[in-house]
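The values are calculated or read from the model by the stated rules, or taken from the named source; none is laboratory data. Bear in mind the structure is a predicted one, so any value in this text is a computation, not a measurement. As a convention, Cβ positions derive from the backbone with ideal geometry for all residues, glycine included, and neighbour counts pool all protein chains shown.
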Ligand code: ZN
Ligand code: ZN
Ligand code: FE
């Protein structure tokens, strides 16, 4: 057969993950001649061979790709014959620069091979920045594309001869590993404590370990920002750390020495272990088996655990006796995680024992990501280090759209071709520093991804700072209802075009009727939605204040059920109320003063949490519903409370029966489980009603309330039992961090960007 030359273009996440050496090895193995080069729009391979050989090559590339690589597409084109005598990696051909961009890899946890090298390679003995094409920092150090060393914060470091040899050697694992470095030429750590400074790594590690073992707190510069570290087994140390951070009552994450040690402290199932040990290394919320220092978990029966992901973490565990270290982002509450060395010193030098820093800049800030697993499915709560800026691949064009997201737990999202590129976790925009971070990141993404927006999508709420930012861009602006965006986000990541039934439960979002929504049953698609049913409206006396003071919503519910008679209820919550304050709240409701109407699911959970006296005033976002769920602590029951259905879903009955149970001294865990079951039942019943009306059988679940493990587990199972096809979030959080993806998808449809209207897109 006549031999041909084939041009093969591979797109996806194929840069910065060791892809060309991998292609080289496959070609060599199959005895194929040709070459491979990197361009801004993909990896290009030219190969001589017959169709069977090419097919085998493509199969192997697909099936054996490096762990962190994501192959989106492999295009093969037959071309006229060019003679190649061997296979080579060739220099990038700059004539082919196009508008398209390759993906930027997220940061990757240090690999096993590098950990071994760290003990045997002479120039890298205990080198805390060891990395290779399969591992190391990526997104946090990149300033510009293409991903070359000069475009990263490694640029001030000149490679020594040894490193440069490895960098140039195709057969080496460090071939074109941009952050390649060693003890002679790379960045190094230093230890700062008052006026004391230590540069010697061994001494530094010993001193740090001694401080930690003695109960001290250390600020440690990590991959995407500073973290505060102390002995998680020492209550005084943890209390002191909390103090230096002005930390609310939020649980703290814990870095464990090893998965086997971690398993002594927490229950770990298979999907949780896969998450914990993946190269993304998120913090994973696990059920506690054996307690650490009491204030680590702040009264919760769970622990946010993660495993070492930087070489330094491993080196530190070699020195210290502690098996578990508190590992929490160093920031002032509400502000973004600290990345600047000067700021860390300024903020912490006198408050904690020491700062461990290094002399390479973190360019893109990235918090540790946060995940949990339910029904065997990994789910994200915070999508940042290890995940951003990986795109969510959509089956339709979203190019040129900027979606500015929600206001709390903000992320933004840019559309490039059919990819939705979500930012790392930004935070609460009401904080001035966070708003700066938001604006700075948008301009960086524009540069990094060669993105110039032609339209902006934002929330329907005119006062969100993300909406204000959108307005200021002087571009066509599309306002998208909050819960429609939630529904669309879940559709988009599951590649559904609709129509779907959307069950959207969250804390707050402005509805089209001017009320606050959040317990919503929709049907619809990207372009539109119909609101079939919702939780009954309840006044929220004090407006925004209710999120911090769940007792207000509890009073509102009790008042709606019992009228003023509720003052006579013999339950601890009512008995502990301040009568004057409560009277005042009631008069606000009566006079409709600062008491917006809300159908929020989050607020109902708040109210029940308060009525049960679990959490009446919350010290961090969503504390009341989180503690309400935690109270169930593995209790199992199929019982539930009554509720009434009609145009709206009315929980007066539910609240009344809960109060009856409290009066009967029924255990809190039973009441909480019954309440959760009630919400599951409401969801399933309402979905069935909508299915009867519309014939739609696909259900998407979204909104922050679905971070409730009990709720999502039971709702998904029960819906499936009723024959529904159920779709949930895996790629983006179900909370407001996923909103920007939904906004992007809806905007793309509204702008009538070309799309194929199949049931399943893609
Ligand atoms: Zn490595
Ligand atoms: Zn070197
Ligand atoms: Fe929301």
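Put simply, of 455, 492 the only residue that is within 25 Å of residue 393 (Cβ to Cβ) and either within 16 Å of ligand 3 (Cβ to nearest atom) or at pLDDT below 95 (or both) is 492.
Taken together, the criteria place residue 342 among residues that are surrounded by fewer than 16 Cβ atoms within 10 Å (Cβ to Cβ), assigned by TED's automatic domain parsing to the domain that holds residue 227 and assigned to a helix (DSSP H, G or I).
Specify which of the listed residues (536, 506, 525) is touching a residue at least 12 places away in the same chain (Cβ under 8 Å), over 16 Å from residue 648 (Cα atoms) and more than 15 Å from ligand 3 (Cβ to nearest atom). Please lay out each step first, then the result.
Working: 536 fails: over 16 Å from residue 648 (Cα atoms); 506 fails: more than 15 Å from ligand 3 (Cβ to nearest atom).
Residue meeting the stated conditions: 525.
Identify all residues within region 517-533 that are in a strand (DSSP E or B) and over 30 Å from residue 581 (Cα atoms); write none if there are none.
Within region 517-533, the first condition is being in a strand (DSSP E or B), and the residues that meet it are 517-524, 529-533.
Residues satisfying the conditions are 520, 521, 522, 523, 524, 529, 530, 531, 532, 533.
Just one of (1) buried (at least 20 other Cβ atoms within 10 Å of the Cβ); (2) not in a strand (DSSP E or B) fails for residue 402. It is (2).
When residue 173 is tested against (1) within 16 Å of ligand 1 (Cβ to nearest atom); (2) out of contact with any strand residue (DSSP E or B) (no Cβ under 8 Å at 6 or more places or on another chain), just one condition goes unmet, and that condition is (2). Just one of the numbered conditions (1) within 18 Å of residue 534 (Cα to Cα); (2) touching a helix residue (DSSP H, G or I) at 6+ places or on another chain (Cβ under 7 Å) is not true of residue 489: (1).
If you go through region 160-179 and keep only what is closer than 18 Å to residue 135 by Cβ, touching a helix residue (DSSP H, G or I) at 6+ places or on another chain (Cβ under 7 Å) and within 11 Å of ligand 2 (Cβ to nearest atom), you end up with just 174.
Pairing each residue of region 101-126 that is more than 25 Å from residue 368 (Cβ to Cβ) and away from ligand 1 (no atom under 14 Å from the Cβ) with any residue that is part of a loop (DSSP other than H, G, I, E, B) and modelled with pLDDT of 95 or more, provided the two are 6+ apart or on different chains, yields C-beta distances under 8 Å for 123/160; 123/182; 123/183; 123/184; 125/183.
For region 461-482, the criterion of being in contact with a strand residue (DSSP E or B) (Cβ under 9 Å, 6 or more places away or on another chain), under 16 Å from residue 701 (Cα atoms) and at pLDDT 95 or above is met by at least one residue.
Counting only residues that are part of a strand (DSSP E or B) and under 9 Å from the mean Cα position of the chain (by Cα), region 379-395 holds 4 of them. Where helices (runs of 4 or more DSSP H) fall wholly inside region 578-667, the ranges with 1 or more residues that are more than 21 Å from residue 535 (Cβ to Cβ) and assigned by TED's automatic domain parsing to the domain that holds residue 552 are 579-590, 623-630, 652-663.
Residue count for region 148-170 satisfying the condition of being within 16 Å of ligand 1 (Cβ to nearest atom) and in contact (Cβ under 8 Å) with a residue 24 or more places away in the chain: 2. Would you call residue 470 assigned to a helix (DSSP H, G or I), on the phi < 0 side of the Ramachandran plot and within 16 Å of ligand 3 (Cβ to nearest atom)? Spelling it out, it is not the case that residue 470 is assigned to a helix (DSSP H, G or I), on the phi < 0 side of the Ramachandran plot and within 16 Å of ligand 3 (Cβ to nearest atom). Here residue 553 meets each of (1) touching a helix residue (DSSP H, G or I) at 6+ places or on another chain (Cβ under 9 Å); (2) over 20 Å from residue 648 (Cβ atoms); (3) not in a strand (DSSP E or B) with one exception, condition (2). Among the residues making up region 38-88, those that are assigned to a strand (DSSP E or B) and surrounded by 18 or more Cβ atoms within 10 Å (Cβ to Cβ) are 38, 39, 42, 43, 44, 45, 46, 47, 48, 49, 74, 87.
Being at pLDDT below 95 and touching a helix residue (DSSP H, G or I) at 6+ places or on another chain (Cβ under 9 Å) is the filter; apply it to region 180-195 and report the residue that is farthest from residue 130 (Cα to Cα). I'd like the intermediate steps shown before the answer.
So in region 180-195, the residues at pLDDT below 95 come out as 192-195.
Filter again for touching a helix residue (DSSP H, G or I) at 6+ places or on another chain (Cβ under 9 Å), leaving 192-193.
On the way: 192: 22, 193: 26 Å.
Among them, the one singled out is 193.
Please go through region 114-137 and give me each residue that is at pLDDT 95 or above, in a loop (DSSP other than H, G, I, E, B) and in contact with a strand residue (DSSP E or B) (Cβ under 9 Å, 6 or more places away or on another chain), ordered by number. Hits for region 114-137 are 128, 129, 130, 131, 137.
Of all residues assigned to region 231-242, none qualifies as being within 20 Å of residue 359 (Cα to Cα) and either in contact (Cβ under 8 Å) with a residue 40 or more places away in the chain or in contact with a strand residue (DSSP E or B) (Cβ under 8 Å, 6 or more places away or on another chain) (or both).
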